Amino acid sequence: MTKYILMRSFQVLPVLLGVTFLVFLSLYLLPGDVTLNLLGLAANEDSIARLRAELGLDRPFSVQFGIWLGRALQGDLGVSHVMRTPVTAVVLEKTGNSLILMGAGLAITVVGAALLGPLSAVRKDRATDHTVKTLTFLLASMPAYWLGLVLIVAFSITLPWLPASGMYDFITPGGLPDLTAHLFLPALTTAATSLAIVTRVTRAAMVEALARSHVTAARSRGVRGFRLLYGHGVRAILPTFVNICGLQIGYLFGSSIFTEVIFSWPGIGQQLYTSIIARDGPMVQGCVLAVALVFVLGNLLADILIRWLDVHRD
Amino acid sequence: MTEALRPPLAARFGHFARALPPQAWVGGALVGSFVLMAIFADHIAPFDPNASNIKLRLKPPGTEGHWLGIDTQGRDVLSRTIHGARASLITGTMPVAISAAIAVPLGLAAAWFDRAGALVMRMMDVLFAFPMVLLAILLAAILGPGLPNLIIAMVLVLLPFNTRVAYTEALSHREAPWVEAARALGTPVPRILLREVLPHVLAATIVYSMTIIGTIIITAAGLSFLGLGIQPPTPDWGLMTGEGRTVLNRAPHVATVPGAAIFLLVTGFNLLGDGLRDALNPGRQR
C-alpha cells in the first residue's frame, strides 16, 4: 500500500511540472502588456525597458520559467496588478471558501446518490425507479448557471426564504447558521449534475450487484430489506461508488465557478472570473494553479482510497 | 468484393433505426425541431431579433404580440431565442467534429508507435490535470472573445478526451487476430490502420461525440454567459442568460427563457446520444 502511494505520488510530479509550465505560459499568452499595466501614464520607451529588465522580462523564456517556478515553490506567486497585494494570500483564502462550497456539494452528491441509487435499484422498473431515472436525466442536462438562477427566482425572490448572495450576512454576520443558510442554494446548484451522474451509476452498479449469487444466497437465508441492501449490496459497489465520486471533482469545480459568479460566493472561481475581466495576469495564474493543484491532489486521494478499499475488501 | 456481400444501405439503416430505443426518437425529434428552428429562424421569428422598442422594456411574458416578453433593451425574447438556436447548434457540433478529426489520427498513431504514443498521452495527462471548464475559461481568456475563438477553445478542451477514446479503441485492436492475420500477410501498416482499425475507432469516436455534444453546448454557452464567448448583439442563449441576470428580480423571464432553451436542446442531444450508445452496445446494463 505504501509502495502504491509513493508510486502514484511520483507519477503526479511530471504532470504537476507540465501544469506549472502551462500556467506560466498562459501569462505570456494573455492579452495585455504587464509593463504598460504597471507603469500606466508614466510609460515611455525608456521606463518600459528599465522595468522589463527589473522584472527579468528581457531574459530567455526558460530562465524566466525557472525563476518563476523557484519562487512559486516557495509560495511566492507575485503581486496582483489590481489589488496590489501578494497573490498567494488571496488565492489561499478564496480556495478555502471554494472548498467549503465544493465540500458541501460533494456531501449532497454522496448522501443523495447513496440513498437514491440503491432505492431506485431495488424498485427496478417500478414507479419509484422511473421517477428517479427521469429526474436524474433531466438534472444531468441542466446548465448550472440556469439552475442557479431558477433557484434564486424560486427561493430568494418569489419565496424570500434564503439569501441569494455572499457567504455571510452583511449587517448581522453570524457563525454556522448564517453560513448554512447562504450555502444551501449554491451547494445545491454545484451538486446537481454530479448528483445525477453518481445516482445513475450507483443504480446501475446496484442492479448488477443484487443479481449476484452471494446476494441471492443472503436473501435465501432470510436477510431482507435494509440489511440486505446496505450489508451485502453496498459492499460490492463501494469501489465503483468511490471511483465515480472521485471523477466528480472536475464537474464540481466546473459548476462551482458558475455558482460562485451567480451567488457572489467569494471563492476561487469568482476571483478567477473577475481577474480575467480585469486582465490581472498574476492573479489569473495563481487561481488556475490553485484549482489545478486541488484537482490533481483530489484525484490522487480518490485513487489511493479506491486502492485501499480494494486491498481491505474482506 | 466485400461491398457486394453487404445488404443495401436502406436495409442497413432500417435495421439500425429499429435498434434505437424510443427515447432516442424523442431526443431526435427535439434536436430536429431546433435544427429546423435555426434554419428557418428568419421566417418563424415574429420580430427582428435586434429590433428594439425601448418603451416595452422588461415587459413580462404574455404581453400582446410578445408571448415570451421583452428583454433589457426592448427586444422580443421569443425572436431572440429562436435565432439563438443557430449559435448553440454551431458551438455544440463544430468543435466536436473538428476535435474528432484531429484526435482520430493522433490516437491511431499513439496506439501504433510506442514512443509517439507515450509522448502524446503524457501531454494529454497534463491537459487532463485541468477541470474542463477551467481549461475552457483560460483558453477563452487567452484567445479573446468571438465565435471562431470560442470554437477553437472548445476544440482544444475536447482534444484530450477524444484522443483517449481513439487511443484506447485503437490499442484494443492492435493484437486482434484479424490485425495479426493482416500483418502476417505482409499488409503495409498504413493499410492495416485504414482498413482494419479505423472503422472501429471511428465508430467509438462517433458514439462518444454524440454523448458529449450536450456538455459542450452547456460549456460553450457558459463562456458566453460569462462574457468570454459570443459577443452582443448576437442572439446567443448563454449571452442572453448572462444579460438577464442583472434584472433577475424585476424580470426573471429575460434570463430563464433562453436558459430553458439550452436545457431543452441539451436534453434532446443527451437522449439521442444515450440511445445511440445503448443501440450500438447491446451488452451494456441499461
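A few remarks follow.
- Segment A:77-192 shape via C-alpha gyration tensor axes, a/c threshold 1.5: prolate
- For peptide B:121-129, the mean count of partner chain Cβ atoms within 10 Å of a residue's Cβ comes to 5.
- For A:THR2, the shell of other residues with beta-carbons less than 14 Å away shows a net charge of +3, using +1 for Lys and Arg and -1 for Asp and Glu.
- According to the calculation over all Cα-Cα pairs in segment A:87-311, the P(r) per 10 Å bin from zero is 8, 28, 31, 21, 10, 3, 0 %.
- Mean projected area (nm²) of the alpha-carbon convex hull when segment B:22-120 is viewed from all directions: 10.3
- Pairwise Cα separations in segment A:138-213 fall into 5 Å bins from 0 onward with the following percentages, short to long: 3, 15, 18, 16, 14, 11, 8, 6, 5, 2, 1, 0, 0.
- Taken one residue at a time, the phi angles of segment B:215-225 give Karplus couplings (6.51, -1.76, 1.60, θ = phi - 60°) of 4, 5, 4, 4, 5, 5, 5, x, 5, 5, 4 Hz. Gly and Pro are set to x.
- Sparsely packed trypsin sites (Lys or Arg not before Pro) within segment A:240-314, loop by DSSP, other Cβ within 10 Å at most 11: A:ARG313
- Taking other Cβ atoms within 10 Å as a rough exposure proxy, A:TRP265, A:TRP308, A:TRP161, B:TRP237 sort from fewest to most as A:TRP161, A:TRP308, A:TRP265, B:TRP237.
- Ordered by the count of other Cβ atoms within 10 Å of each Cβ, fewest first, B:PHE113, A:PHE155, B:PHE263 give B:PHE113, A:PHE155, B:PHE263.
- FRET efficiency for the pair A:PHE65 and A:LEU247, taken as 1/(1 + (r/R0)^6) with r the Cβ-Cβ distance and R0 = 45 Å, rounds to 0.90.
- Straight Cα distances below 17 angstrom link A:LYS124 to the lysines A:LYS133, with same-chain residues fewer than 8 positions distant left out.
- Chain B: radius of gyration and largest Cα-Cα distance (Dmax), Å: 22.5, 78
- Relative contact order %, chain B, counting alpha carbon pairs below 8 Å whose residues are six or more apart: 26
- Centroid-to-centroid separation of segment A:86-151 and segment A:233-286 [C-alpha atoms, Å]: 12
- Rounded D (µm²/s) - segment B:205-249, Kirkwood Rh over Cα pairs, Stokes-Einstein at 10 °C, 1.306 mPa s: 140
- Estimated vicinal HN-Hα couplings, Hz - segment A:126-140 in sequence order (Karplus 6.51, -1.76, 1.60; Gly, Pro = x): 10, 4, 4, 4, 5, 4, 4, 5, 5, 4, 5, 4, 5, 4, 5
- Shown in residue order for segment B:196-203 are the 3J(HN,Hα) couplings computed by the Karplus curve 6.51 cos²θ - 1.76 cosθ + 1.60 at θ = phi - 60°: 9, 9, 3, x, 5, 4, 4, 4 Hz (x for Gly and Pro).
- Its convex hull of Cα atoms gives segment B:93-250 a direction-averaged projected area, equal to a quarter of the hull surface, of 10.6 nm².
- When chain A is treated as a Gaussian network with alpha carbon springs shorter than 10 Å, the biggest mean-square fluctuation among A:ALA191, A:ALA53, A:ALA302 belongs to A:ALA53.
- Ellipticity estimate at 222 nm from DSSP helix runs (n ≥ 4, -39,500 (n - 2.57)) divided over chain B, nearest 500: -23500 deg cm²/dmol
- Inter-centroid distance (Cα atoms) of segment B:119-152 relative to segment B:222-260, Å: 23
- Per-residue mean of foreign Cβ neighbours for B:90-98 is 0 (Cβ atoms of other chains, 10 Å radius).
- Cross-link partners of A:LYS94 among aspartates and glutamates (Cα-Cα below 20 Å; sequence separation of 8 or more within a chain): A:ASP76, A:ASP169, A:ASP178, A:GLU260, A:ASP280
- Kirkwood Rh, Cα atoms: Rg over Rh of the protein assembly as shown: 0.98
- Aspartates and glutamates whose Cα lies under 14 Å from that of B:LYS59, excluding same-chain neighbours fewer than 8 positions away: B:ASP71, B:ASP76
- Residues A:GLU54, B:GLU169, B:GLU64, A:GLU93, sorted so that the one with the fewest Cβ neighbours within 10 Å comes first: B:GLU64, A:GLU54, A:GLU93, B:GLU169
- Calculated [222 nm] ellipticity per residue, helices only, for chain A: -25000 deg cm²/dmol; basis is -39500 (n - 2.57) per DSSP H run with n ≥ 4, divided by all residues, nearest 500.
- Comparing A:LEU57, A:LEU272, A:LEU139 in a Gaussian network model of chain A where C-alpha atoms under 10 Å apart are linked, the largest mean-square fluctuation is found at A:LEU57.
- Between A:LEU309 and A:ILE157, the modelled labels are 4.1 nm apart [label points 7 Å from Cα along Cα→Cβ].
- Partner shielding of A:136-144 amounts to 6, given as the average count of beta-carbon atoms from other chains within 10 Å of each residue beta-carbon.
Each reported figure results from applying straightforward, stated rules to the coordinates on display, with no laboratory input. It should be emphasised that the depicted structure is a prediction, and the values quoted were computed from it without experimental measurement. Counting neighbours? That spans all protein chains shown, and the Cβs are built from the backbone with ideal geometry, glycine included.
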